[in-house]
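Student: Have a look at this one before I ask anything.
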Amino acid sequence: MSRLNRRSLIKATAVTGLTAGAGALITTTALPASAATISYTDDGTNYVVTTGANLVFKVSHVNGDLVSLVYRGVEYQGYNGKNSQVETGLGDSTVTISSTTTTVTITVVHGTLTHYYVARAGENNIYMWTYKAADSVTMQRYIVRLKPGVLSFTGGDAWDSDTVTTIESSDVFQATDGTTHSKHYSGVRVMDYDYIGATTSSGSVGVWMVRSNHEKASGGPFYRSLLRSGSTGSPDLYEIVWYGMAQTEAQRYGLHGPYRLAFTDGGAPALSSDTSWADGLGIRSYVAASGRGRVAGVGIGGRDTTYTYTVGFANADAQYWAVATASTGYFSCTGMLPGTYTMSIYKDELPVYTGSVTVTAGGTTTLNTITITADPSSTSAIWRIGDWTGSTKGFKNADLMTYAHPSDPRAAAWTGNFIVGTSATSGFPCYQWVGVNNDLLVYFKLTAAQAAAAHTLRIGLSASYAGGRHQVTVNSWTSSIPTAPSNSGTRSLTVGAYHSYLTTLSYTVPASAFQTDTSQWNILKLTVVSGSSGDTYLSPGVAIDCIDLLS
């Protein structure tokens with residue numbers, strides 16, 4: 001997976017660190033000389049863990065919240081009296097602690113959910129796992145809430161709460177310069193980042209959330225979700241377990257993790273997939289490397305080398321992905337739980353091959369060269385706007401919409417009629433709504449032979465909101481209204497998510513619809529229709545993947 005350092009500036013102020021109360025029970029695990037010593041205390045209210053490096057943290061006996069994070073003597077935990085916690089806090093829980101010669105483990109049990117905090121000797125890290133057996137306990141994310149005035153960051157997912165105006169729901173804001181901000185506007189997909197965080201303005205401290213492999217999350221490699229958020233000076237960092245916004249998969253249950261809260265002296269956190277040190281900790285449903293398998297593919301044939309190809313694996317229990325090499329299409333996916341998976345090969349974000357593969361514990365499943373069989377771009381077209389990618393890539397405002405609201409002044413006008421042979425894809429809007437830019441027009445000419453035959457018009461949608469889909473008119477001919485596409489039932493186009501349920505709308509346009517005079521323009525009108533309603537950017541809408549007229 002590619003690595004993206006989402007580093008932002010932080011303003012730091014010194015705060016006195018917290019220590020264990022006098023007379024507290026102290027348990028210390030001694031390591032050999034020159035090695036770090038890890039210890040914990042019970043101050044009567046919290047378990048206090050000293051990692052033997054520069055990190056001391058506290059976990060509440062009552063509810064399992066992280067109530068203190070002291071790094072090099074500075075307190076980083078705390079936002080308006082709120083702690084770092086599972087979701088918005090579990091409430092009364094059973095909290096226990098145990099240790100080995102090199103680790104301290106705090107276990108929090110609340111109904112069907114078990115959450116683990118693990119510290120290793122000599123590290124400035126808190127490793128976490130969350131086991132969720134059912135949806136009887138809400139667990140969409142773990143939230144790290146950081147202290148106001150100590151940490152801050154800038155970007156699409158940060159704002160000044162004293163000056164912004166709320167423009168949508170309670171989570172999209174407009175700054176005084178007109179730019180828009182929201183916790184949804186991270187601008188990256190799951191596969192594009194390994195960690196999220198911030199550093200001090202001097203570069204002396206970094207606080208990071210290092211994500212898990214997301215095997216128990218949902219949405220696949222292209223999912224866009226919350227990474228961090230906060231008003232100026234009060235940042236939150238997230239590990240998403242399951243989030244419903246623009247979601248395309250059911251929630252997975254089981255053990256999620258490890259994910260890691262890391263403190264550094266300003267540099268990026270170290271990355272490692274080796275969790276062998278945790279094999280004997282007794283974490284519920286933990287599967288060691290020896291109980292996992294691998295899939296390797298010799299290559300992928302029939303690729304368009306303009307694009308990156310990703311191989312995804314998914315079943316009801318887990319999900320994984322691997323990026324194929326540009327030269328041959330070779331891929332290797334490791335650390336997979338045993339089972340049978342649907343294997344999908346994606347050109348950019350569009351599935352162009354689907355098969356099945358079985359993974360066995362300790363084994364490698366090797367696949368011969370796979371030839372792509374379902375790329376719609378391989379079908380000859382008279383004209384095509386954009387390309388089939390499963391995304392809005394190349395269309396007007398497409399990049400901006402991953403980290404801004406459609407009303408943002410940085411967005412180009414949402415108009416953009418298209419003249420085939422003259423206009424560029426970059427001038428055609430990536431989104432279309434009933435209440436904003438309906439009835440977009442496409443002008444095209446046909447030869448006499450082309451005009452004498454019926455043709456299939458295809459419109460690819462990478463997302464649909466509120467049942468939006470197209471009814472089309474070619475000159476004086478009007479299509480029927482297609483069935484509403486699947487959608488997640490949540491906002492998508494206004495929360496940085498252009499990729500939800502992919503849909504291809506096909507229309508058979510009769511020869512009688514076309515101009516018989518080949519010097520005349522044919523006019524295609526694209527009208528978004530829906531049985532639902534809404535205003536402006538929350539009216540029924542669609543995200544455009546590709547539009548073409550087949551030959």
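The values are calculated or read from the model by the stated rules, or taken from the named source; none is laboratory data. Keep in mind that this is a model prediction, so the values were computed, not measured. Note that each Cβ is placed from the backbone with ideal geometry, even for glycine, and that neighbours are counted across all protein chains shown. Each accessible area value is taken on the protein alone, full model and side chains, heavy atoms only, with ligands, DNA and RNA left out. Shrake-Rupley method; radii C 1.70, N 1.55, O 1.52, S 1.80 Å.
Student: Within segment 231-244, can one find any residue that is within 30 Å of Thr138 (Cβ to Cβ), at pLDDT below 95, open to solvent by less than 30 Å² (accessible area, probe 1.4 Å) and of a type in the set (Asp, Glu)?
Tutor: Scanning segment 231-244, I find at least one residue that is within 30 Å of Thr138 (Cβ to Cβ), at pLDDT below 95, open to solvent by less than 30 Å² (accessible area, probe 1.4 Å) and of a type in the set (Asp, Glu), so the answer is yes.
Student: While we're here: Looking at segment 124-159 only, could you name the residues that are of a type in the set (D, E, K, R) and outside any loop (DSSP other than H, G, I, E, B)?
Tutor: Across segment 124-159, the qualifying residues are Lys132, Arg141, Arg145.
Student: Is it the case, given these coordinates, that Ile523 is surrounded by 16 or more Cβ atoms within 10 Å (Cβ to Cβ), in a strand (DSSP E or B) and either at pLDDT below 95 or in contact with a strand residue (DSSP E or B) (Cβ under 9 Å, 6 or more places away or on another chain) (or both)?
Tutor: For Ile523, the condition - surrounded by 16 or more Cβ atoms within 10 Å (Cβ to Cβ), in a strand (DSSP E or B) and either at pLDDT below 95 or in contact with a strand residue (DSSP E or B) (Cβ under 9 Å, 6 or more places away or on another chain) (or both) - is not met.
Student: Just for segment 355-368: of the residues that are closer than 14 Å to Ser344 by Cα and in contact with a Gly (Cβ under 8 Å, 6 or more places away or on another chain), which one is surrounded by the most Cβ atoms within 10 Å (Cβ to Cβ)?
Tutor: Result: Leu367.
Student: Also, quick follow-up: Here are the criteria: (1) at pLDDT below 95; (2) in contact with a Ser or Thr (Cβ under 6 Å, 6 or more places away or on another chain); (3) among the hydroxyl-bearing types (Ser, Thr, Tyr). Tell me which single one Thr13 does not satisfy.
Tutor: So the condition that Thr13 fails would be (2).
Student: In this structure, does Thr96 turn out to be of a type in the set (Val, Ile, Thr), under 22 Å from Trp242 (Cα atoms) and in a strand (DSSP E or B)?
Tutor: no
Student: Name the residue that is farthest from Val357 (Cα to Cα), counting only residues in segment 276-325 that are among the β-branched types (Val, Ile, Thr) and open to solvent by 60 Å² or more (accessible area, probe 1.4 Å).
Tutor: Thr306
Student: Kindly list the number of the only condition in (1) aromatic (Phe, Trp, Tyr); (2) under 28 Å from Val150 (Cα atoms); (3) without any contact (Cβ under 8 Å) to a residue 60 or more places away in the chain that fails for Tyr309.
Tutor: Single failed check for Tyr309: (2).
Student: Kindly list, by first and then second residue, each pair from a residue in segment 370-394 that is touching a residue at least 40 places away in the same chain (Cβ under 8 Å) and more than 14 Å from Asp545 (Cβ to Cβ) to a residue that is basic (Lys, Arg) and assigned to a loop (DSSP other than H, G, I, E, B), limited to pairs with Cβ atoms under 7 Å and residues at least 6 apart or on different chains.
Tutor: Listed by first residue and then by second, the contacts come to Ile372/Arg303.
Student: Would you mind finding the one in Thr101, Thr88 that is among the polar types (S, T, N, Q), within 31 Å of the chain's Cα centre (by Cα), at pLDDT below 95 and open to solvent by 40 Å² or more (accessible area, probe 1.4 Å)?
Tutor: Result of the check over Thr101, Thr88: Thr88.
Student: What number of residues within segment 161-170 are surrounded by fewer than 17 Cβ atoms within 10 Å (Cβ to Cβ), under 24 Å from the mean Cα position of the chain (by Cα) and among the charged types (D, E, K, R)?
Tutor: 0
Student: Consider Ser34 carefully, then state whether it is modelled with pLDDT under 95, more than 30 Å from Asp192 (Cα to Cα), among the polar types (S, T, N, Q) and assigned to a loop (DSSP other than H, G, I, E, B).
Tutor: In short, yes.
Student: Can I ask one more? Working only within segment 106-159, note down all residues that are among the aliphatic types (A, V, I, L, M), modelled with pLDDT of 95 or more and in contact with a Lys or Arg (Cβ under 8 Å, 6 or more places away or on another chain).
Tutor: Leu113, Ile126, Met128
Student: While we're here: Checking Glu168 against (1) under 24 Å from Leu69 (Cβ atoms); (2) touching a Leu at 6+ places or on another chain (Cβ under 8 Å); (3) of a type outside the set (Val, Ile, Thr): exactly one of these is not met. Which one?
Tutor: Going through (1) under 24 Å from Leu69 (Cβ atoms); (2) touching a Leu at 6+ places or on another chain (Cβ under 8 Å); (3) of a type outside the set (Val, Ile, Thr) one by one, Glu168 breaks only (1).
Student: So, Ala463, is that one part of a strand (DSSP E or B), of a type in the set (Gly, Ala, Ser), in contact (Cβ under 8 Å) with a residue 12 or more places away in the chain and open to solvent by less than 60 Å² (accessible area, probe 1.4 Å) or not?
Tutor: yes
Student: For segment 134-156, enumerate the residues that are among the β-branched types (Val, Ile, Thr), closer than 27 Å to Ala175 by Cα and either surrounded by fewer than 16 Cβ atoms within 10 Å (Cβ to Cβ) or without any contact (Cβ under 8 Å) to a residue 24 or more places away in the chain (or both).
Tutor: Matches in segment 134-156: Thr154 only.
Student: Ok, one more. Restricting to strands (runs of 3 or more DSSP E) lying wholly in segment 281-381: which have 1 or more residues that are of a type outside the set (S, T, N, Q) and under 24 Å from the mean Cα position of the chain (by Cα)?
Tutor: 293-297, 309-314, 319-323, 331-336, 339-347, 350-359
Student: Continuing with this model, one more query. For Gly81, state whether it is surrounded by fewer than 16 Cβ atoms within 10 Å (Cβ to Cβ) and either within 30 Å of Thr325 (Cβ to Cβ) or modelled with pLDDT of 95 or more (or both).
Tutor: Answer is no for this residue.
Student: Can you tell me how many residues in segment 377-393 are more than 19 Å from Phe444 (Cβ to Cβ), open to solvent by 30 Å² or more (accessible area, probe 1.4 Å) and touching a Cys at 6+ places or on another chain (Cβ under 9 Å)?
Tutor: 1
Student: Go through (1) at pLDDT 95 or above; (2) among the acidic types (Asp, Glu); (3) over 30 Å from Tyr320 (Cβ atoms); (4) in contact with a strand residue (DSSP E or B) (Cβ under 7 Å, 6 or more places away or on another chain) and name the single condition Asp177 misses.
Tutor: (4) is the only condition that Asp177 fails.
Student: Before we move on, is Ala270 touching a residue at least 60 places away in the same chain (Cβ under 8 Å) and either of a type in the set (A, V, I, L, M) or not in a loop (DSSP other than H, G, I, E, B) (or both)?
Tutor: It is false that Ala270 is touching a residue at least 60 places away in the same chain (Cβ under 8 Å) and either of a type in the set (A, V, I, L, M) or not in a loop (DSSP other than H, G, I, E, B) (or both).
Student: Test Gly197 against the stated conditions and say whether it is open to solvent by less than 40 Å² (accessible area, probe 1.4 Å), not in a loop (DSSP other than H, G, I, E, B) and not hydroxyl-bearing (Ser, Thr, Tyr).
Tutor: In short, yes.
Student: Return the total of residues in segment 411-456 being touching a Ser or Thr at 6+ places or on another chain (Cβ under 7 Å), open to solvent by 40 Å² or more (accessible area, probe 1.4 Å) and in a loop (DSSP other than H, G, I, E, B).
Tutor: Qualifying residue count for the region: 8.
Student: Quick one: in segment 467-496, which of the residues that are modelled with pLDDT of 95 or more and of a type in the set (A, V, I, L, M) is surrounded by the fewest Cβ atoms within 10 Å (Cβ to Cβ)?
Tutor: Per the stated criteria, the residue is Ile481.
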